């Protein structure tokens, strides 16, 4: 289960932090509010190809990270974090 998403300097987003609780989370908003950017950030974390155009104008690096916890480990508080970044020079990295 996804518990937290952090987005920095990704496309037009300077910074965003989202915490997710148990159950269904619905993200709503007007056209252009950034809902699709959140989906794009999750796709990047799941292995989609990074693109230098994903880095916010005026920045050198975009970074996305997510925390998750499995139902089996929830009561013990053990989770995992994955972090991915890309730069204007197209170098990308991932830490799990």
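The values are calculated or read from the model by the stated rules, or taken from the named source; none is laboratory data. Since this is a predicted model, take the numbers as computed values, not measurements. Using ideal geometry, Cβ is built from the backbone for each residue, glycine included, and neighbour counts are taken over all protein chains shown.
Of the numbered conditions (1) part of a loop (DSSP other than H, G, I, E, B); (2) at pLDDT 90 or above, residue 17 fails exactly one; give the number of that condition.
(1)
Which of the numbered conditions does residue 27 fail, given that it passes all the others? Conditions: (1) farther than 16 Å from residue 88 by Cα; (2) in contact with a helix residue (DSSP H, G or I) (Cβ under 8 Å, 6 or more places away or on another chain); (3) in a helix (DSSP H, G or I).
That leaves (3) as the condition not met.
On the basis of being part of a strand (DSSP E or B), modelled with pLDDT of 90 or more and surrounded by 10 or more Cβ atoms within 10 Å (Cβ to Cβ), does residue 41 make the cut?
no
Restricting attention to region 16-39, which residues are touching a strand residue (DSSP E or B) at 6+ places or on another chain (Cβ under 7 Å) and on the phi > 0 side of the Ramachandran plot?
34
Is it the case, given these coordinates, that residue 96 is at pLDDT below 90 and in contact with a helix residue (DSSP H, G or I) (Cβ under 7 Å, 6 or more places away or on another chain)?
No.
Condition check: touching a helix residue (DSSP H, G or I) at 6+ places or on another chain (Cβ under 9 Å) and either outside any loop (DSSP other than H, G, I, E, B) or at pLDDT 90 or above (or both). Does residue 7 satisfy that?
yes
Take residue 90 and tell me if it is part of a strand (DSSP E or B) and either surrounded by 15 or more Cβ atoms within 10 Å (Cβ to Cβ) or modelled with pLDDT under 95 (or both).
So residue 90 does not fit the description; no.
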